[in-house]
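Reading through the structure tokens given below for one structure.
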Amino acid sequence: KKQSINYGPNSENKNEERYELLVLRQGNKPFWVDVIAKDLIYRGAPASVAAFRDITINRQIALELKQSRENYKSMVDFSLDGIFIFNKDKLNFANQSALKILEKNSITEIKNKTIYNLLPPEYHTVVKQKIKSVKFGETQPFIEIKIQTAKKRVIDIELSAIAIMYDGKEVVQV
């Protein structure tokens, strides 16, 4: 990966180029380096200077983090349980199983709706209490409720809630 850095007009001696390179160490062991190279004038003659920094560990950590995120995303997206995430009572996320439960085709059909838009009025009070208590760290058992799907079918579901961090915010997963 190469990146050129220019410090502005009239800065012909200030251009730098940056590279990430895979190089071989003694014994043919590969490692990654970050290279910053700069052309300059030294004692009246053109010259180049370069700085090398081993970034093998940084790249390995970045790769592991990416793989961890992909694994977690796959687990949530393809979970057999419906997962909804609400921030301040507004729906931010629903996995495919949650959409199937509601008989919806896309999150856009329900995004930014409140949890109360998705539940019959007789369950609003109990769900409000459940959400309030999880925000205070209490563990909640499952409750059985009835909901109406997009196709007007009434079905029984089990519902529980937990406070989690999502996009840096404390939200409620249902």
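The values are calculated or read from the model by the stated rules, or taken from the named source; none is laboratory data. Bear in mind the structure is a predicted one, so any value in this text is a computation, not a measurement. Note: ideal-geometry Cβ built from the backbone for every residue, glycine included; neighbour counts use all protein chains shown.
General remarks:
- Any hit, region 98-112, residues being closer than 30 Å to Leu22 by Cβ, surrounded by 11 or more Cβ atoms within 10 Å (Cβ to Cβ) and of a type in the set (A, V, I, L, M, F, W, C): no
- Residue in region 129-174 that is surrounded by the fewest Cβ atoms within 10 Å (Cβ to Cβ), counting only those that are touching a residue at least 12 places away in the same chain (Cβ under 8 Å) and among the aromatic types (Phe, Trp, Tyr): Phe142
- Scoring Leu118 on the criteria (1) surrounded by 11 or more Cβ atoms within 10 Å (Cβ to Cβ); (2) modelled with pLDDT of 90 or more; (3) not acidic (Asp, Glu) leaves a single failure, condition (2).
- Check on Ile157, more than 23 Å from the chain's Cα centre (by Cα), part of a helix (DSSP H, G or I) and within 25 Å of Phe78 (Cβ to Cβ): no
- Ile85 vs. criteria touching a strand residue (DSSP E or B) at 6+ places or on another chain (Cβ under 6 Å), in contact (Cβ under 8 Å) with a residue 40 or more places away in the chain, under 23 Å from Asp167 (Cα atoms) and among the aliphatic types (A, V, I, L, M): yes
- Yes/no for Ala94 being of a type in the set (Gly, Ala, Ser) and under 27 Å from the mean Cα position of the chain (by Cα): yes
- Residues in region 17-37 include at least one that is touching a strand residue (DSSP E or B) at 6+ places or on another chain (Cβ under 9 Å), modelled with pLDDT under 90 and of a type in the set (Lys, Arg).
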